[in-house]
1. Just tell me which aspartates and glutamates come within less than 12 Å, Cα to Cα, of K136; anything on the same chain fewer than 8 places away is out.
2. Any chance you could list P(r) for segment 31-149, counting all Cα-Cα pairs in 5 angstrom bins from zero, rounded to whole %?
3. Could you give the distance between the Cα centres of segment 1-65 and segment 106-179, to the whole Å?
4. With point charges of +1 on the Cβ of Lys and Arg and -1 on the Cβ of Asp and Glu, referenced to the Cα centre of the chain, which listed residue (H19, L44, S94) lies farthest in the positive direction of the dipole?
5. Once phi is turned into θ = phi - 60°, what whole-Hz ³J(HN,Hα) does the Karplus curve with 6.51, -1.76 and 1.60 give for every residue of segment 13-22, x standing for Gly and Pro?
6. At most 12 other Cβ atoms within 10 Å and a DSSP loop assignment: could you name the GluC sites (Glu not before Pro) in segment 2-34 that fit?
7. Put R117, R25 in order of accessible area, largest first, 1.4 Å probe: what do you get?
8. Exceeding 20 Å between C-alpha atoms, which entries from my cross-link table qualify? They are K119/K166; K101/K151; K141/K178; K123/K152; K119/K141.
Amino acid sequence: MSEDLTLVLKAAFFSGEKHKKQRRRDADETPYINHPLEVAYILLDEGGITDAPTLAAALLHDTLEDTDTTREELAMIFGHEISNLVVELTDLDSVLPDQKKQRELERAYNLSDKAKRVKIADKTANIRDLATMPPKNWDIKRQIEYFNFAKKIAEATASASPELEKVFMRDYQTFKPKQ
Ligand code: ZN
């Protein structure tokens, strides 16, 4: 069994444990772990990304923001490269909710290439899910706003992978809600 495969499955298992009590906001209340799994699978299957730390960081990308996981814990279990990637993908500053999106966009331009790839795959997963299983209380206006925001993030991160840019843009055009 390769070390890479062990690392990726270990990250999937760890993330599943950490998110085990969380649900997504769609009507079915899908288990939260489906989201990081989807992001990692988009990277591998559609982006051709086989770098194990990138796939592990995708699986772990919401653990710092949304669970009790600490940076030290990630560094100890997965090493510094992966913990640093997850830190890059986490908004740890306390900003007002309405400033969050602007902050995320500013940060997106300065991410490392590996973090940019996770970020664009994350936004691809989000618009795909928004189109197929939207949060219960999101009206069409809010959905369109999110699509526009996701496109800005995609533009800020696309330089790191032409394949992932293509996948995002195809889904953006396919799924963007019409008013
Ligand atoms: Zn995400």
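The values are calculated or read from the model by the stated rules, or taken from the named source; none is laboratory data. Just so it is clear, the structure is predicted and the values come from calculations on it, not from any experiment. Cβ placement follows ideal geometry from the backbone for every residue including glycine, while neighbour counts extend to all protein chains displayed. Each accessible area value is taken on the protein alone, full model and side chains, heavy atoms only, with ligands, DNA and RNA left out. Shrake-Rupley method; radii C 1.70, N 1.55, O 1.52, S 1.80 Å.
1. Of all the aspartates and glutamates, those that pass the test against K136 - Cα under 12 Å, at least 8 places apart if same chain - are D26, D28, E29.
2. Each 5 Å bin holds this share of Cα pairs: 2, 11, 20, 22, 24, 14, 6, 2, 0.
3. 17
4. S94
5. 5, 4, 5, x, 5, 5, 9, 4, 9, 9
6. On the way: sites: E3, E17, E29; in loops: E29.
Filter output for segment 2-34: E29.
7. Values: R117 55, R25 145 Å².
Highest to lowest solvent-accessible surface, that is R25, R117.
8. Numbers: K119/K166 14 Å; K101/K151 12 Å; K141/K178 10 Å; K123/K152 10 Å; K119/K141 23 Å.
Table pairs above 20 Å Cα-Cα are K119/K141.
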